[in-house]
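Chemist: Submitted below is the structure of interest, expressed as structure tokens.
What follows is calculated from the coordinates using simple rules that are stated; it is not laboratory data. Only a predicted model underlies this, so the values are computations on that prediction, with no experimental measurement involved. Glycine gets a Cβ as well: all are built from the backbone with ideal geometry, and neighbour counts include every protein chain shown.
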Amino acid sequence: MAIDYAKKYQKFIDEELAACSATEWMAAGAGQVRYGEGKEVEINTLKTTGLGNYDSTKTDGTAYPNGAVTSTWASHTLKMDRGVKFALDHSAPEDVSFPATVENVIREFAKSQLAKEQDSYRINKLYAAVKGSLKYTGTHVLTFNRESDDIVEKLCTLTQTLETDSERTGGFVALVASNMKNEFLRAAADNFNKITFEQEIEINGITYSHVMMVNDLPCIFVPAGRMKTSLNIQTGRDDQSGGGVIAGEDAKDIHIVVVAHDVPLAISKVDSLKQFGPEENQLFDGTAIQARYLYDLVVPTDKLASVGALVAA
């Protein structure tokens, strides 16, 4: 029986992303996405009608006005189609202190490369979605000047705007660039807002440690290099052989992104993962790994009221 390597190694990838990714809490939950072949998926949207008047005089079963539940599936093509090939030379175990097994390679790739790329892409896409909205760009994308602005005041102002426009209180998450931590440390000493550090919280089933709380807003620190207003997607070939994503030439720093915890929908899957051992591999004496990974982030346009960002002035 052929081994399904994609299914086998997806477990290792999921474990590493849960531990190392600042955005894995955005991942689609059970029942939200139906996976098809290749890049095609279907995304579920559930809607209900509102309340009507109850009529106690009706005894024929019509005392309650009829409501409606609509569950629809919309097709979506995953934008990011990425791949990589690794070659592991054949070595006797006594020749290496840490064997480069396939599992070790996949785990290292997930935590050092995939987590970084997906975090960068997801954060950038949240920013781009609200920045591109004519309705919200002026009030939901604010600039921050380190020389004159108060970071806590700016964050609280933005969060209050999101709560007002989205008609919801609470349930928001902030992604904060790691190089902004000192701004909050200074503010915590002399501020009427409650700021605490080193908290542990769970968001959509993913547990995060070292979280900052600003009042009741959880703030997850993200490496600053993953928070940019524009990205260049590297091809992995020629002068871009390092792969991954890098900041665009005109990129500005995104200091903070705030979003409701149930709005972004991250979709990802190992589309194929092939492993050829030394006995099968005809190209060299060693193991070859070929992985194709598909992913995207969906930000519903009718939920942009709950997305905001602070960007460098």
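Chemist: Which one, Ala288, Ala22, Ala128, has the greatest fluctuation when you compute a Gaussian network model over the chain with C-alpha springs under 10 angstrom?
Modeler: In this elastic network of the chain, the residue with the biggest mean-square fluctuation among Ala288, Ala22, Ala128 is Ala288.
Chemist: Follow-up. What fraction of the Cα pairs in region 221-302, stated in percent, has a spacing above 20 angstrom? Could you put the intermediate results ahead of the total?
Modeler: Values: 1978 of 3321 pairs.
Across region 221-302, Cα pairs with separations above 20 Å total 60 percent.
Chemist: Using the Cα atoms of the chain to build a convex hull, what is its mean projected area in square nanometres?
Modeler: Numbers: hull surface 95.6 nm².
Computing the convex hull of the Cα atoms and averaging its projections yields 23.9 nm².
Chemist: Next question. Could you list, in their original order, any pairs among Lys228/Lys274; Lys194/Lys228; Lys47/Lys154 whose Cα atoms are separated by more than 30 Å?
Modeler: Values: Lys228/Lys274 33 Å; Lys194/Lys228 28 Å; Lys47/Lys154 34 Å.
Exceeds cut-off: Lys228/Lys274; Lys47/Lys154.
Chemist: Hey, another quick one. Which of Ser71, Ser21, Ser56 moves most in a GNM of the chain, Cα contacts under 10 Å?
Modeler: Per the Cα network of the chain with a 10 Å cutoff, Ser56 tops the list.
Chemist: Find how much the distance from Ala313 to Ala128 grows on full extension, using 0.36 nm per residue of separation minus their present alpha carbon separation; answer in nm with one decimal. Spell out each step's value before the answer.
Modeler: On the way: separation 185, 0.36 × 185 = 66.60 nm, distance 1.64 nm.
Length difference between fully extended and current span is 65.0 nm.
Chemist: Then there is this: Defining a contact as two alpha carbons under 8 Å apart and six or more residues distant in sequence, what relative contact order in percent does the chain show?
Modeler: Details: 541 pairs, mean separation 79.5, N = 313.
Relative contact order comes out at 25 percent.
Chemist: Sticking with this one: Using a Förster distance of 45 Å, how high is the FRET efficiency between Leu51 and Asn191, based on the Cβ-Cβ distance and rounded to 0.05?
Modeler: Numbers: r = 41 Å, r/R0 = 0.92.
E(calc), rounded to 0.05, equals 0.65.
Chemist: Right, something else. Which of His76, His140 has the fewest other C-beta atoms within 10 Å, and how do the rest follow up to the most?
Modeler: On the way: His76 17, His140 21.
By the 10 Å Cβ count, ascending, the order reads His76, His140.
Chemist: For the chain, modelled as a Gaussian network with Cα springs under 10 Å, which listed residue fluctuates most, Tyr121, Tyr293, Tyr54?
Modeler: Tyr54
Chemist: Further, regarding this structure: Summing -39500 (n - 2.57) over the DSSP H runs of n ≥ 4 in the chain and dividing by its residue number, what mean residue ellipticity at 222 nm do you reach, to the nearest 500 deg cm²/dmol?
Modeler: Details: 6 runs with 70 residues, N = 313.
Rounded to the nearest 500, the figure is -7000 deg cm²/dmol.
Chemist: When the Karplus curve 6.51 cos²θ - 1.76 cosθ + 1.60 is applied with θ = phi - 60°, which whole-Hz ³J(HN,Hα) does each residue of region 113-125 get, with x for Gly and Pro?
Modeler: With the stated coefficients, region 113-125 comes to 10, 5, 4, 5, 5, 5, 4, 4, 5, 5, 5, 4, 5 Hz.
Chemist: Further question on the same structure: Cα centroids of region 207-238 and region 44-73: how far apart, whole angstrom?
Modeler: Cα centroid to Cα centroid, the span is 42 Å.
Chemist: Now for a different question. Percent relative contact order of region 159-280, based on C-alpha pairs within less than 8 angstrom and at least six residues apart?
Modeler: On the way: 163 pairs, mean separation 31.5, N = 122.
This gives 26 percent for region 159-280.
Chemist: Let me ask something else. Hey, what angle do you get for helix 151-166 against the long axis of the chain, alpha-carbon based, 0 to 90 degrees rounded to 10?
Modeler: Computed tilt is about 70 degrees.
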